[in-house]
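Visitor: I'd like to ask some things about the structure below.
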Amino acid sequence: AGGDASVTWELELGAGGEVLGPPDFDSQGVLRIGATDVLVFCLPAGSAFISKRAELIVLDEHGEESRVQGARDGPIGDWRGEWRPSRPGPYEFFARRPAAADGGGAAAQGPVSRIIVDPTLSIRGEPLPARAVVQLTVLARLAGPIEKWPEALAPQAALGYNMVHFTPIQPPGESGSCYSLDDQSTVDPSLMEAPAATPQARLQAVNAAVERLESEDGMLSAMDIVLNHTAGTAPWLLDHPDSAYSVSNSPHLAAAAELDERLAWFSDELRDGRLGGPRIESHGDIDRVMDGIRQHVLGPLNLAEYFRIDIDACLENFRAARVAFEREEYEALKVGALPSLGARREGASVPGDVTRRHCKDEAHLRECLHRLANDFREEFFQLERDILEALRGGIMYERLECRKGLVGDGHLALCPRYFRRLSLSASARERLGRDHEIVAHNGWVMGWPATEDFAAPSWRHVYLRRHLCAWGDCVKLRFGNGPDDAPFVWDHMTRYAVSMAKIFHAIRLDNAHSTPLHVSRHVLAQVRRANPNCWIFAELFTGDFQTDLLYQATLGINALIREAMQCGSPAELCGHLGGRIWGAHDIGEVSSVATFDRQPAAPKRSQPLARSASCALVGTLA
């Protein structure tokens with residue numbers, strides 16, 4: 001896929017409407033065709049879906065439904081229907097038979113399958129196949145003024161590069177990192193020779209430079225978008241603190257925020273020469289600091305109170321609920337109490353609808369609550385041990401192995417900050433009735449499943465256990481389940497992404513594995529609505545090949561970024577790169593079966609790692 005030439009593919013479906021292919025077909029790769037290609041669906045004779053009422057349905061990423069028209073090859077032949085994609089992007093398809101109006105036949109639906117329609121790239125009107133992309137990554141702040149990009153990058157074009165990937169061009173926050181942005185709605189004036197006064201005029205200047213890069217240098221342009229966090233200094237956060245995970249909208253984080261505040265106080269005490277002083281140079285110093293944490297941090301906090309059941313509240317909830325008893329299930333009660341753990345001292349509770357469903361009477365409920373109290377007590381004892389172990393490990397690594405030096409301010413503090421306190425704007429103070437908001441920093445968690453939210457209530461209590469590798473310059477954005485949960489941040493980040501897609505030929509989705517899947521899907525759907533041929537590639541490190549496939553098929557990703565540093569051996573690196581000398585694909589090439597980018601063969605004597613079904617589409621040089 002990737003040129004103007006149209007190719008017709010035939011896709012055989014089984015009698016039940018399933019895609020026929022090799023064993024474990026869905027776990028091996030992602031079906032994909034080109035935007036100008038034609039796909040012929042084939043249902044075998046004898047399929048229950050071949051009837052006057054049967055239909056083959058294709059759904060695009062906007063939920064728009066199209067019916068594939070087809071016919072049989074004679075009275076007893078197979079059914080074939082031709083489908084031409086209306087636009088690039090991810091699609092779902094399935095066979096369906098509605099119920100007969102006279103009641104003579106029940107409704108039926110075959111399994112849902114997915115396919116990606118790749119966009120068509122072109123330079124100066126000439127098609128550029130995806131496998132022909134030769135991409136160079138450029139730090140935008142080192143590329144000279146945006147207006148002079150074509151002149152600055154002309155030598156790279158002469159070397160054969162045909163796509164330039166730029167790092168974000170929006171104003172950075174306090175750290176200066178271009179991936180921790182202060183204002184997604186405008187261009188950083190420091191990157192421009194003569195910055196215009198308005199955000200729209202600056203975007204027009206960027207657009208002019210990108211057009212010249214193509215017309216004069218023969219290079220397409222790609223831009224990063226960062227959706228899952230913003231700089232902690234972003235001015236709009238002061239107006240819309242509900243866009244972040246805060247103690248107000250995520251009360252289960254209250255205990256973790258209190259611990260974080262007390263640890264910061266303890267670090268300041270060490271910095272100022274109290275409680276043993278700032279020098280940590282030996283295991284004896286580590287022991288001294290850990291004793292201080294037990295005595296001056298965990299002791300006064302008494303975090304165990306956050307794990308104590310409020311029996312009276314649980315009984316009141318039970319009496320007020322109007323739900324019928326279903327069955328005794330203790331684990332359901334435990335899960336029901338999870339969101340309240342860490343939210344309020346002596347305040348753990350189970351919702352009334354949960355207790356009504358799973359406790360036959362009040363006596364049974366009391367028995368379960370006493371059992372919960374014991375379980376939560378044990379849960380906290382283990383959690384406190386984990387807190388100490390995580391703190392000790394981090395302090396040892398930074399002070400003894402990295403020789404970070406004396407305890408000080410900022411990055412020299414004893415341990416990173418997990419939260420920050422925002423001083424709200426006047427309008428937010430009036431609307432919310434408070435002056436400050438405590439919000440959570442973003443980061444990453446070792447071994448965390450990409451499809452789960454580590455800031456949501458979970459038994460791992462990531463923020464309280466201090467298991468987060470925190471990025472102290474940025475705040476994790478809270479999107480909720482949909483735009484109704486956080487209208488401003490959905491609109492703000494979507495507008496930001498679309499503004500970039502209207503200018504650049506390609507978008508790189510930064511930190512795709514940490515961005516909620518439903519958020520990325522919504523944003524990329526709007527990106528492709530604004531620029532149908534926008535080429536999407538992603539930084540996706542899920543650690544699991546099946547999860548990689550899920551993200552690709554759901555989001556319509558056209559290529560993935562891979563890290564050579566994640567390979568455990570030379571053999572494994574060869575497996576990632578491909579190349580027929582190792583029995584895989586040539587570097588820069590996808591499968592010779594164009595509709596099926598299959599998983600490269602696993603190299604011998606190497607541990608299997610997740611690899612992209614289309615990782616060879618792009619090789620980025622830094």
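Visitor: Before we move on, is ILE33 at pLDDT below 85 and either touching a Leu at 6+ places or on another chain (Cβ under 7 Å) or in the same structural domain as TYR551 (by TED's automatic domain parsing) (or both)?
Guide: Values: at pLDDT below 85: no; either touching a Leu at 6+ places or on another chain (Cβ under 7 Å) or in the same structural domain as TYR551 (by TED's automatic domain parsing) (or both): yes.
Spelling it out, it is not the case that ILE33 is at pLDDT below 85 and either touching a Leu at 6+ places or on another chain (Cβ under 7 Å) or in the same structural domain as TYR551 (by TED's automatic domain parsing) (or both).
Visitor: Another one. If we scan region 522-545, do we find a residue that is surrounded by fewer than 21 Cβ atoms within 10 Å (Cβ to Cβ), more than 18 Å from ASP224 (Cβ to Cβ) and in contact with a helix residue (DSSP H, G or I) (Cβ under 6 Å, 6 or more places away or on another chain)?
Guide: yes
Visitor: Whether any residue in region 258-270 is closer than 30 Å to SER180 by Cα, surrounded by fewer than 20 Cβ atoms within 10 Å (Cβ to Cβ), touching a residue at least 24 places away in the same chain (Cβ under 8 Å) and of a type in the set (A, V, I, L, M) is what I want to check.
Guide: Checked against the condition, which is being closer than 30 Å to SER180 by Cα, surrounded by fewer than 20 Cβ atoms within 10 Å (Cβ to Cβ), touching a residue at least 24 places away in the same chain (Cβ under 8 Å) and of a type in the set (A, V, I, L, M), region 258-270 yields at least one hit.
Visitor: Return a yes/no flag: does region 412-422 have any residue that is in a strand (DSSP E or B), out of contact with any helix residue (DSSP H, G or I) (no Cβ under 8 Å at 6 or more places or on another chain) and closer than 30 Å to LEU477 by Cβ.
Guide: Within region 412-422, the subset in a strand (DSSP E or B) is 419-422.
Of the ones still in play, those that are also out of contact with any helix residue (DSSP H, G or I) (no Cβ under 8 Å at 6 or more places or on another chain) are 420-421.
Still in the list and also closer than 30 Å to LEU477 by Cβ: 420-421.
Scanning region 412-422 turns up at least one residue that is in a strand (DSSP E or B), out of contact with any helix residue (DSSP H, G or I) (no Cβ under 8 Å at 6 or more places or on another chain) and closer than 30 Å to LEU477 by Cβ.
Visitor: Quick one: which residue in PRO90, PRO111, PRO85 is part of a loop (DSSP other than H, G, I, E, B), buried (at least 16 other Cβ atoms within 10 Å of the Cβ) and either in the same structural domain as GLU18 (by TED's automatic domain parsing) or not hydroxyl-bearing (Ser, Thr, Tyr) (or both)?
Guide: Unique residue meeting the criteria: PRO85.
Visitor: Only one of these is surrounded by fewer than 17 Cβ atoms within 10 Å (Cβ to Cβ), part of a loop (DSSP other than H, G, I, E, B), at pLDDT 95 or above and not aliphatic (A, V, I, L, M): GLY342, GLY277, GLY284. Name it. Lay out the reasoning, then the answer.
Guide: Numbers: GLY342 fails: surrounded by fewer than 17 Cβ atoms within 10 Å (Cβ to Cβ); GLY284 fails: part of a loop (DSSP other than H, G, I, E, B).
Every option except GLY277 fails the conditions.
Visitor: Of all residues in region 121-160, count the ones that are in a loop (DSSP other than H, G, I, E, B) and touching a Phe, Trp or Tyr at 6+ places or on another chain (Cβ under 9 Å).
Guide: At the first step, the residues of region 121-160 found to be in a loop (DSSP other than H, G, I, E, B) are 124-125, 129, 133-134, 139, 143-145, 159-160.
The next check asks that each one be touching a Phe, Trp or Tyr at 6+ places or on another chain (Cβ under 9 Å); those that pass are 133-134, 139, 143.
So the count comes out to 4.
Visitor: Looking at region 474-495 only, could you name the residues that are surrounded by fewer than 22 Cβ atoms within 10 Å (Cβ to Cβ), in a helix (DSSP H, G or I) and either in contact (Cβ under 8 Å) with a residue 12 or more places away in the chain or charged (D, E, K, R) (or both)?
Guide: Listed by number, the residues that qualify are PHE488, TRP490, ASP491, HIS492, THR494, ARG495.
Visitor: Somewhere in region 613-621, is a residue at pLDDT 50 or above, assigned by TED's automatic domain parsing to the domain that holds LYS502 and assigned to a helix (DSSP H, G or I)? Lay out the reasoning, then the answer.
Guide: From region 613-621, those at pLDDT 50 or above are none; that's our starting set.
There is no residue in region 613-621 that is at pLDDT 50 or above, assigned by TED's automatic domain parsing to the domain that holds LYS502 and assigned to a helix (DSSP H, G or I).
Visitor: Can you name the number of the only condition in (1) more than 21 Å from ALA256 (Cα to Cα); (2) without any contact (Cβ under 8 Å) to a residue 24 or more places away in the chain; (3) assigned to a helix (DSSP H, G or I) that GLY336 fails?
Guide: So GLY336 meets the others, but not (1).
Visitor: Now for a different question. It is to be established whether one or more residues within region 478-499 are of a type in the set (A, V, I, L, M) and not assigned by TED's automatic domain parsing to the domain that holds ASN531.
Guide: Here is the first cut: in region 478-499, the ones of a type in the set (A, V, I, L, M) are 486, 489, 493, 497-498.
Then drop every residue that is not not assigned by TED's automatic domain parsing to the domain that holds ASN531, which leaves none.
Scanning region 478-499, I find no residue that is of a type in the set (A, V, I, L, M) and not assigned by TED's automatic domain parsing to the domain that holds ASN531, so the answer is no.
Visitor: Can you pull out every residue in region 460-508 that is in contact with a Leu (Cβ under 9 Å, 6 or more places away or on another chain) and closer than 30 Å to LEU414 by Cα?
Guide: Matches in region 460-508: HIS461, VAL462, TYR463, LEU464, ARG465, ARG466, CYS474, VAL475, LEU477.
Visitor: Looking only at residues in region 195-243 that are touching an Asp or Glu at 6+ places or on another chain (Cβ under 7 Å) and not in a helix (DSSP H, G or I), which one is surrounded by the fewest Cβ atoms within 10 Å (Cβ to Cβ)?
Guide: Filtering region 195-243 for residues that are touching an Asp or Glu at 6+ places or on another chain (Cβ under 7 Å) and not in a helix (DSSP H, G or I), the one surrounded by the fewest Cβ atoms within 10 Å (Cβ to Cβ) comes out as THR233.
Visitor: Please verify whether region 38-55 includes one or more residues that are modelled with pLDDT of 90 or more and more than 29 Å from ALA559 (Cα to Cα).
Guide: Filtering region 38-55 for residues modelled with pLDDT of 90 or more gives 38-44.
Narrowing further to those that are more than 29 Å from ALA559 (Cα to Cα): 43-44.
The answer is yes, given that some residue of region 38-55 is modelled with pLDDT of 90 or more and more than 29 Å from ALA559 (Cα to Cα).
Visitor: Hey, among the residues in region 345-378 that are within 35 Å of the chain's Cα centre (by Cα), crowded, with 17+ Cβ neighbours inside 10 Å and touching a residue at least 60 places away in the same chain (Cβ under 8 Å), which one's farthest from ALA324 (Cα to Cα)?
Guide: For region 345-378, the residue satisfying everything is PHE376.
Visitor: I've got another one for you. Would you mind finding the one in GLY292, GLY299 that is surrounded by fewer than 17 Cβ atoms within 10 Å (Cβ to Cβ), of a type outside the set (Lys, Arg), more than 30 Å from LEU424 (Cβ to Cβ) and modelled with pLDDT of 95 or more?
Guide: Values: GLY292 fails: surrounded by fewer than 17 Cβ atoms within 10 Å (Cβ to Cβ).
Exactly one of GLY292, GLY299 is surrounded by fewer than 17 Cβ atoms within 10 Å (Cβ to Cβ), of a type outside the set (Lys, Arg), more than 30 Å from LEU424 (Cβ to Cβ) and modelled with pLDDT of 95 or more, namely GLY299.
Visitor: If you check GLY443, GLY433, GLY447, GLY480, which single one turns out to be more than 30 Å from ILE536 (Cβ to Cβ) and of a type outside the set (A, V, I, L, M, F, W, C)? Give the steps one after another, and end with the answer.
Guide: Numbers: GLY443 fails: more than 30 Å from ILE536 (Cβ to Cβ); GLY447 fails: more than 30 Å from ILE536 (Cβ to Cβ); GLY480 fails: more than 30 Å from ILE536 (Cβ to Cβ).
Going through GLY443, GLY433, GLY447, GLY480 in turn, the sole match is GLY433.
Visitor: A further question on this structure: The conditions are (1) closer than 28 Å to PRO532 by Cβ; (2) aliphatic (A, V, I, L, M); (3) at pLDDT 95 or above; (4) in contact with a helix residue (DSSP H, G or I) (Cβ under 8 Å, 6 or more places away or on another chain), and ALA130 fails exactly one of them. Which is it?
Guide: (3)
Visitor: While we're on this one: Looking only at region 343-385, how many residues end up being basic (Lys, Arg) and more than 30 Å from VAL297 (Cβ to Cβ)?
Guide: Of all residues in region 343-385, those basic (Lys, Arg) come to 344-345, 356-357, 360, 366, 371, 377, 385.
Add one more test, that the residue is more than 30 Å from VAL297 (Cβ to Cβ), and what stays is 356-357, 360, 366, 371.
Within region 343-385, residues that are basic (Lys, Arg) and more than 30 Å from VAL297 (Cβ to Cβ) number 5.
The values are calculated or read from the model by the stated rules, or taken from the named source; none is laboratory data. In this text the structure is predicted, and so the values were computed from the model without any measurement. Cβ coordinates were reconstructed from backbone atoms using ideal geometry, including for glycine residues, and neighbour counts include every protein chain displayed.
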